[in-house]
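Report on one structure; see the data block that follows.
The values are calculated or read from the model by the stated rules, or taken from the named source; none is laboratory data. Please read these numbers as outputs of a predicted model, since none were measured by experiment. Reconstructed Cβ throughout: ideal geometry from the backbone, glycine too, with neighbour counts over all protein chains shown. When the accessible area is computed, the model is the full protein with side chains, heavy atoms only, and any ligands, DNA or RNA have been set aside. Shrake-Rupley method; radii C 1.70, N 1.55, O 1.52, S 1.80 Å.
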Amino acid sequence: RKHAEPIGHECGPSVSLLKTLAKERNVWIVGGSVPELSDDKVYNTSPIINSDGVLVEKHRKVHLFDIDVPGKIRFFESETLTGGDSATVTPLTEEHALGVAICYDVRFPELAITMRKKGASIL
């Protein structure tokens, strides 16, 4: 929560920097992961910024990673983060759209299938 920032109409320092770099270098940037603060919740978020430096979409990590191996490791993202609830697809060109996933999301084929059904040609 301490390092989380807004990602939307107002953006914090991380996304502001990515927007500037995208515009200066005339490239698209998928910047992940950035802790996003929204409605008093923290999300693990990848902002998608076009070559004009405009935030065109963001993906909130859907599948949070929780593990508890007694005597070895205990790590629960769900104790600090809120999971997203959608498959993110954003158009890149007339022919291609980008589907975005963060870390543990890639282990769930249903998310990729949903992105493909929504028109993603690049994952």
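Quick grid of which residues meet (1) at pLDDT 95 or above; (2) of a type in the set (A, V, I, L, M); (3) under 16 Å from the mean Cα position of the chain (by Cα):
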| position | (1), (2), (3) |
| --- | --- |
| VAL89 | yes, yes, yes |
| ALA101 | yes, yes, yes |
| ILE113 | yes, yes, no |
| GLY119 | yes, no, no |
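Looking at the range 15-34, which of its residues are touching a Gly at 6+ places or on another chain (Cβ under 6 Å) and open to solvent by 50 Å² or more (accessible area, probe 1.4 Å)?
If the condition is that a residue be touching a Gly at 6+ places or on another chain (Cβ under 6 Å) and open to solvent by 50 Å² or more (accessible area, probe 1.4 Å), then LYS19, LYS23 are the ones that fit.
If you scan the range 35-58, which residues turn out to be open to solvent by less than 50 Å² (accessible area, probe 1.4 Å) and either free of Cβ contacts under 8 Å to residues at least 12 places away in the same chain or within 20 Å of ASP85 (Cβ to Cβ) (or both)?
GLU36, SER38, VAL42, TYR43, ASN44, THR45, SER46, PRO47, ILE48, LEU55
If you go through the range 86-100 one residue at a time, how many are of a type in the set (A, V, I, L, M) and in contact with a Gly (Cβ under 9 Å, 6 or more places away or on another chain)?
Total satisfying the criteria: 4.
State yes or no: is ILE7 among the hydrophobic types (A, V, I, L, M, F, W, C), within 24 Å of SER121 (Cα to Cα) and touching a residue at least 12 places away in the same chain (Cβ under 8 Å)?
It is false that ILE7 is among the hydrophobic types (A, V, I, L, M, F, W, C), within 24 Å of SER121 (Cα to Cα) and touching a residue at least 12 places away in the same chain (Cβ under 8 Å).
Take the range 59-68 and flag every residue that is surrounded by 13 or more Cβ atoms within 10 Å (Cβ to Cβ), over 12 Å from the mean Cα position of the chain (by Cα) and of a type in the set (A, V, I, L, M).
Correct list: LEU64 only.
Report every pair of residues separated by at least 6 positions or lying on different chains whose Cβ atoms are under 8 Å apart, first residue within the range 16-29 and within 21 Å of HIS96 (Cα to Cα), second of a type outside the set (A, V, I, L, M, F, W, C) and open to solvent by 60 Å² or more (accessible area, probe 1.4 Å).
These pairs meet every condition: ALA22/ASP52; LYS23/ASP52.
Any residue in the range 81-98 that's touching a residue at least 60 places away in the same chain (Cβ under 8 Å): show its pairings with residues that are among the hydroxyl-bearing types (Ser, Thr, Tyr) and open to solvent by less than 80 Å² (accessible area, probe 1.4 Å) at Cβ separation under 9 Å, as long as the two are six or more apart or on different chains.
Pairs that qualify, where the first residue is touching a residue at least 60 places away in the same chain (Cβ under 8 Å) and the partner is among the hydroxyl-bearing types (Ser, Thr, Tyr) and open to solvent by less than 80 Å² (accessible area, probe 1.4 Å), are LEU92/SER121; LEU98/THR88; LEU98/THR90; LEU98/SER121.
Having 2 or more residues that are surrounded by 15 or more Cβ atoms within 10 Å (Cβ to Cβ) is the bar; report the strands (runs of 3 or more DSSP E) wholly within the range 69-123 that clear it.
88-91, 97-100
How many residues, within the range 1-49, are small (Gly, Ala, Ser) and part of a strand (DSSP E or B)?
Residues that pass the stated criteria total 2.
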